[in-house]
Amino acid sequence: MVSGTRTRSDVKREAIINAAKQAFKTFGVNGTSMDKLAEMAQVSKRTVYNHFRAKEDLVMYLIKEQYQNALVDADAAYCTDVSLETQLVELLMAQISFSTSEEHMDLARVVIGHFFTSQIN
């Protein structure tokens with residue numbers, strides 16, 4: 001049986017992820033240190049490194065999380081009682097809604113900016 005309780009480690013990991021989203025949006029990836037993430041997440045720097053060995057790992061985690069969220073949001077089963085056109089429109093509207101959400105757009109700006117500047121340097 002799976003327990004619904006979260007461990008302290010899970011709570012700290014979530015705090016680090018949330019801090020990263022905010023810090024990357026505010027300061028950019030290059031302008032955010034692991035020290036800053038630890039401070040914002042209210043955890044030790046060691047805890048940050050226990051969960052993510054490098055800032056790049058955290059960026060990749062956020063990209064993967066967004067991709068998985070897009071797949072989950074777009075998950076739709078074919079229904080024979082509803083026209084295909086209606087189902088396709090609903091699926092496209094859900095994808096557009098996700099793709100244009102503020103959270104997704106913020107993260108996309110951060111990630112694209114980070115990868116663009118990392119290729120130049």
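Has the range 27-34 got at least one residue that is hydroxyl-bearing (Ser, Thr, Tyr) and within 22 Å of Val11 (Cα to Cα)? Looking for residues that are hydroxyl-bearing (Ser, Thr, Tyr) and within 22 Å of Val11 (Cα to Cα), one finds at least one in the range 27-34, hence yes. Pairing residues of the range 39-57 that are free of Cβ contacts under 8 Å to residues at least 12 places away in the same chain with residues that are in a helix (DSSP H, G or I), at Cβ distances under 7 Å and at least 6 apart in sequence or on separate chains, gives Ser44/Ala38; Lys45/Met34; Lys45/Asp35; Lys45/Ala38.
Bear in mind that the values in this text are calculations on the coordinates, not laboratory data. All figures in this text were calculated on a predicted structure; none of them were measured in a lab. Counting neighbours? That spans all protein chains shown, and the Cβs are built from the backbone with ideal geometry, glycine included.
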